[in-house]
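**Student:** Take this structure first; my questions come after.
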Amino acid sequence: MIKEEMQNAINKQINWELYSSYLYLSMSAYFDSINLKGCAGWMRVQAMEEQAHVKKFYDFLTARGGRVVLSEIKAPPSEWNSPLETFEEVYKHEQAVTALINSLVDLSLELKDHATNSFLQWYVNEQVEEEASADDVVQSLKLNENNPGGLFMVDKELAQRTFVPPTGVTI
Ligand code: OFO
């Protein structure tokens, strides 16, 4: 059975993952409002990925005899000044989430909770991807700043992204 301290920390992380999903859905709505459908689609997929992250934590906590407790999700911003600013915020947000995952890993070590430690390695690796994919878009947008044709191409490319649920997760 999972220790209460670990359980509470995972419940907090579930709230962060839900906020991430909410934030990316809000960014999707922003992109829809400025007619960048590819960027909007990318954000929708990102929001779904966050739901999958929630689901993984939820199932793990339940399997370990823990109790999932949901709490209030704060409202995300709804306006940004540019596509570049929006994706820079994604990158910053993912760096913050990486720090939170690392703190969970630290706690699992402190509590000698090997099962949780092993489970969290999936998130450690996932965060490498999360940061890299956001940074890729930031770099493409930087190259195409002040170039509407380039932005159009980046938007087309981002439209290709599809949601692939992690193994064993259905949302
Ligand atoms: Fe759940 O990784 Fe992004 O926030």
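What follows is calculated from the coordinates using simple rules that are stated; it is not laboratory data. Only a predicted model underlies this, so the values are computations on that prediction, with no experimental measurement involved. Using ideal geometry, Cβ is built from the backbone for each residue, glycine included, and neighbour counts are taken over all protein chains shown.
**Student:** Would you please give the FRET efficiency between Ile34 and Glu72, computed as 1/(1 + (r/R0)^6) with r the Cβ-Cβ distance and R0 = 25 Å, to the nearest 0.05? Write out the running numbers ahead of the final one.
**Tutor:** Working: r = 29 Å, r/R0 = 1.18.
Between Ile34 and Glu72 the formula returns 0.25.
**Student:** Multiply the residue separation of Glu157 and Gln95 by 0.36 nm, subtract the distance between their alpha-carbon atoms, and state the gained length in nm to one decimal. It would help to have the intermediate numbers written out before the result.
**Tutor:** Numbers: separation 62, 0.36 × 62 = 22.32 nm, distance 2.38 nm.
Length gained, Glu157 through Gln95: 19.9 nm.
**Student:** When only Cα pairs under 8 Å and 6 or more residues apart are kept, what is the percent relative contact order across the chain? Intermediate values should be presented prior to the final figure.
**Tutor:** Details: 172 pairs, mean separation 54.8, N = 171.
Reported as a whole number, the value is 32 percent.
**Student:** Then there's this: Tell me the label-point distance for the pair Ser82, Gln139, using the 7 Å Cα-to-Cβ offset, in nm and rounded to one decimal.
**Tutor:** Result for the modelled spin labels: 1.9 nm.
**Student:** Also, quick follow-up: On average, how much area does the Cα convex hull of the stretch 4-158 cover when viewed from any direction, in nm²? Walk me through the intermediate numbers first.
**Tutor:** Working: hull surface 35.4 nm².
Convex hull of Cα atoms, orientation-averaged projection: 8.8 nm².
**Student:** How far apart, in nm, are the 7 Å Cα→Cβ label points at Met1 and Thr167?
**Tutor:** 3.2 nm
**Student:** Using a Gaussian network model of the chain with C-alpha springs under 10 Å, which one of His53, His93, His114 is most mobile by mean-square fluctuation?
**Tutor:** Sorting by GNM fluctuation, first place goes to His114.
**Student:** Straight-line reach from Lys55: which aspartates and glutamates have Cα under 15 Å away, leaving out those fewer than 8 places along the same chain?
**Tutor:** Glu17, Glu126
**Student:** Right, next: Compute the distance from the alpha-carbon center of the stretch 119-171 to that of the stretch 29-92, in whole Å.
**Tutor:** The stretch 119-171 and the stretch 29-92 have Cα centres spaced 13 Å from each other.
**Student:** Got a sec to turn the phi values of the stretch 143-155 into Karplus ³J(HN,Hα) couplings, 6.51 cos²θ - 1.76 cosθ + 1.60 with θ = phi - 60°, whole Hz, x for Gly and Pro?
**Tutor:** Ordered by residue, 3J(HN,Hα) equals 5, 10, 4, 6, 9, x, x, x, 4, 4, 5, 4, 4 Hz.
**Student:** Straight-line reach from Lys56: which lysines have Cα under 17 Å away, leaving out those fewer than 8 places along the same chain?
**Tutor:** Partners found: Lys12.
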